[in-house]
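Structure, as structure tokens:
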Amino acid sequence: MGYKYYEEAIELHKENVIVLSHCDTILHLLPGIYVPRDKIRKLGVRSEFGHVDIPRLLEAHVNCVFFAVYVESVFKPERALRRALELMERFYSEVEECSSKVELVKNISGLEKNIKEGKLCAILSLEGAEPVQDSLLLLRMFKRLGIRCLSLTWNERNMLADGCREQRTKGGLTNRGVEYVKEAERLGIILDVSHLNDAGFWDLIELVKKPIIASHSNCRTLCDTPRNLTDEQLKALAEKGGVVGVNFAPNFLTKSKSATVDDVVRHINHIVEVTGVEHVGLGTDYDGIGSTPIDLEDVSKLPRLTAKLIEHGYSDEEIRKILGENFIRVMKQCWTA
Ligand SMILES: [Zn+2]
């Protein structure tokens, strides 16, 4: 498979700000349900396993990564807070170990400073609100600890809303969920609808004033799964100024075990057709997915996707938006509390 525009893609990666809106790399930094002790990696050390580490991010000229704090279901709800804090502590210490290359970013000035200095910006997102449960005080505390993006649910039901695998009762946000959304917006935390069920999505759309994101979801028209968004949802999210970060999981691209870089482009094209080029970005879901598309085996292969976008006729300006500028816009709009 040839990449006619690979050199041009590398140039665009060097020139532009590249944002990945969802990676599960933290799960690989300490033992857990999915990652046994002998498969633990270091954030700063290039590994032959997994999809993301600092050397490979820098190789692909990535500037900014949302690292998810995801608590495995078995810890929920009683041990979710403990587990989340352990994940965050391990992440902080690994970031400190590589402080010449990466910094935990909590505001726009930090974002701009680090991008200028060529340092990787690490942003913390909370995937599923179980660690904070029904406490608005804990939500504020997690903001202090660096959480800048929040999805109310993972796949299950919790005290705030129903996840996307909990469609049966068609429940939307709970009263507490509504309070949470208002408080998260007030605090300047980006709200993320990936994993939320449909009723919750529409409740959220009614409530929010600022842009929301789907950090790692695709198009349901092309791949029918509750983890992907319908065209109506894509339009509603775009009307709020939001962005969808495309997910590289083959089962969310093709509903099968295999996919290629062209399938990722197909989903990007569809979002652009439905919403325009201002509302799509790169989610990836790297280190959270069991398999990857052919030719996007890990983050270092990302320029191949950009080469494909050039091949599909996207302009430099459009590619700049897709690679990162759209997400930067949302951060600027949301983080000012
Ligand atoms: Zn996820």
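The values are calculated or read from the model by the stated rules, or taken from the named source; none is laboratory data. Everything numeric here is computed off the predicted structure, so don't read it as measured data. All Cβ positions, even for glycine, are placed from backbone atoms using ideal geometry, and neighbour counts span all protein chains on display. Note: accessible area is taken over every heavy atom of the protein model, side chains too, but ligands, DNA and RNA are not part of it. Shrake-Rupley method; radii C 1.70, N 1.55, O 1.52, S 1.80 Å.
In this structure, is residue 228 surrounded by fewer than 19 Cβ atoms within 10 Å (Cβ to Cβ) and either farther than 24 Å from residue 77 by Cα or away from the ligand (no atom under 16 Å from the Cβ) (or both)?
No.
If residue 211 meets every condition in (1) open to solvent by less than 20 Å² (accessible area, probe 1.4 Å); (2) within 15 Å of the ligand (Cβ to nearest atom); (3) not acidic (Asp, Glu) apart from one, which number is that one?
(2)
Checking residue 204 against (1) buried (at least 18 other Cβ atoms within 10 Å of the Cβ); (2) at pLDDT below 95; (3) more than 16 Å from the ligand (Cβ to nearest atom), which single condition isn't satisfied?
Checking residue 204 against (1) buried (at least 18 other Cβ atoms within 10 Å of the Cβ); (2) at pLDDT below 95; (3) more than 16 Å from the ligand (Cβ to nearest atom), the one that fails is (2).
Where residues in the range 315-337 are out of contact with any helix residue (DSSP H, G or I) (no Cβ under 7 Å at 6 or more places or on another chain) and not in a helix (DSSP H, G or I), which of them is most open to solvent (accessible area, probe 1.4 Å)?
It comes out as 336.
Show the residue pairs that are 6+ apart or on different chains and have beta-carbon atoms under 7 Å apart, the first residue being within the range 294-321 and closer than 18 Å to residue 267 by Cβ and touching a residue at least 40 places away in the same chain (Cβ under 8 Å), the second being buried (at least 22 other Cβ atoms within 10 Å of the Cβ) and of a type in the set (S, T, N, Q).
Every condition considered, the pairs that remain are 319/306.
Restricting the search to the range 259-281, which residues are of a type in the set (A, V, I, L, M) and open to solvent by 10 Å² or more (accessible area, probe 1.4 Å)?
Listed by number, the residues that qualify are 272, 274, 277.
Which condition does residue 303 not pass, out of (1) away from the ligand (no atom under 16 Å from the Cβ); (2) in contact with a Gly (Cβ under 6 Å, 6 or more places away or on another chain), if it passes all the others?
Looking at each condition in turn, residue 303 falls short on (2).
Anything in the range 68-118 that is in a loop (DSSP other than H, G, I, E, B), closer than 18 Å to residue 25 by Cβ and open to solvent by less than 40 Å² (accessible area, probe 1.4 Å)? List them, or say none.
Within the range 68-118, 71, 72, 98, 105 meet the criteria.
Which residues, taken from the range 233-258, are open to solvent by 10 Å² or more (accessible area, probe 1.4 Å), touching a helix residue (DSSP H, G or I) at 6+ places or on another chain (Cβ under 9 Å) and not in a loop (DSSP other than H, G, I, E, B)?
Passing the criteria: 235, 236, 238, 239, 252.
When you scan the range 1-48, how many residues do you find that are open to solvent by 20 Å² or more (accessible area, probe 1.4 Å), assigned to a loop (DSSP other than H, G, I, E, B) and over 30 Å from residue 332 (Cα atoms)?
Total meeting the criteria: 16.
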